[in-house]
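Notes follow the structure.
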Amino acid sequence: MSNIVIAVVAIALFLFGMLCFGLAFQVDEAWRFLTFFGGIIACTLALFIPMTFIGRSNRSW
């Protein structure tokens, strides 16, 4: 159950990062860098969280 919650949070963070990338070109000039950088951080965390908390599965299929 916790793996599902982690996956949902990671997907939400990734989608939020994509939204920030798109918004970066529509906000004021002063906020563009922070919005785009926030998107980079959100997408990075979206990839980092599952690799860290779920890890590699040692199950044999």
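The values are calculated or read from the model by the stated rules, or taken from the named source; none is laboratory data. All values reported here derive from a predicted model rather than from experimental measurement. In this analysis, Cβ positions are derived from the backbone assuming ideal geometry, glycine residues included, and neighbour counts consider all displayed protein chains.
Can you find, within the stretch 16-32, the residue that is surrounded by the fewest Cβ atoms within 10 Å (Cβ to Cβ) among those that are modelled with pLDDT under 95 and of a type in the set (Phe, Trp, Tyr)?
Looking at residues that are modelled with pLDDT under 95 and of a type in the set (Phe, Trp, Tyr), I get Phe25.
Since Met51 meets every condition but one in (1) modelled with pLDDT of 90 or more; (2) assigned to a helix (DSSP H, G or I), which condition does it not meet?
(1)
What tally of residues in the stretch 1-32 results from selecting those that are farther than 11 Å from Cys43 by Cβ and either touching a Phe, Trp or Tyr at 6+ places or on another chain (Cβ under 6 Å) or assigned to a helix (DSSP H, G or I) (or both)?
Let us first name the residues in the stretch 1-32 that are farther than 11 Å from Cys43 by Cβ, namely 1-9, 11-12, 22-32.
Add one more test, that the residue is either touching a Phe, Trp or Tyr at 6+ places or on another chain (Cβ under 6 Å) or assigned to a helix (DSSP H, G or I) (or both), and what stays is 2-9, 11-12, 22-24, 29-32.
So the count comes out to 17.
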